[in-house]
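The values are calculated or read from the model by the stated rules, or taken from the named source; none is laboratory data. Worth saying up front: this structure is predicted, and the values here are computed from it rather than measured. Here the Cβ is made from the backbone with ideal geometry for all residues, glycine too, and neighbour counts use every protein chain on show.
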Amino acid sequence: MKEKLFSIIVKENVYDSNDEEEQIDSYDEIIRKYYAERSGNNKSLSWSEQMSGLLSSQARPHMRAFLMSQGFEMK
């Protein structure tokens with residue numbers, strides 16, 4: 001299953017989203033079950049919910065100013 005998730009996340013020279021929603025749903029169930037059964041740090045969020053939360057906010061907002069101060073041109 002890990003390989004299938006990797007193929008959803010990493011694309012090389014092509015973008016194909018066929019069957020991805022089904023595969024993500026399946027992986028979410030695996031993750032929910034794992035979190036429910038492990039002994040500590042129980043979570044109720046699925047993988048896609050965690051990724052959605054992670055990617056919904058700006059990461060490293062200070063980097064733009066730093067890169068510009070180092071001479072990088074930014075668009």
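Structural remarks
- Residues of region 1-52 satisfying the condition of being surrounded by fewer than 11 Cβ atoms within 10 Å (Cβ to Cβ) and of a type in the set (S, T, Y): Y15, S17, S39, S44
- Residue satisfying condition, being part of a helix (DSSP H, G or I), on the phi < 0 side of the Ramachandran plot and in contact with an Asp or Glu (Cβ under 9 Å, 6 or more places away or on another chain), within set E49, E29, E21: E49
- Pairs where the first residue, in region 29-52, is closer than 16 Å to F6 by Cα and the second is assigned to a loop (DSSP other than H, G, I, E, B) and modelled with pLDDT of 85 or more, C-beta under 6 Å, 6+ apart: I31/S46
- Checking each residue in region 52-68 for being among the hydrophobic types (A, V, I, L, M, F, W, C) and assigned to a loop (DSSP other than H, G, I, E, B) picks out only A59.
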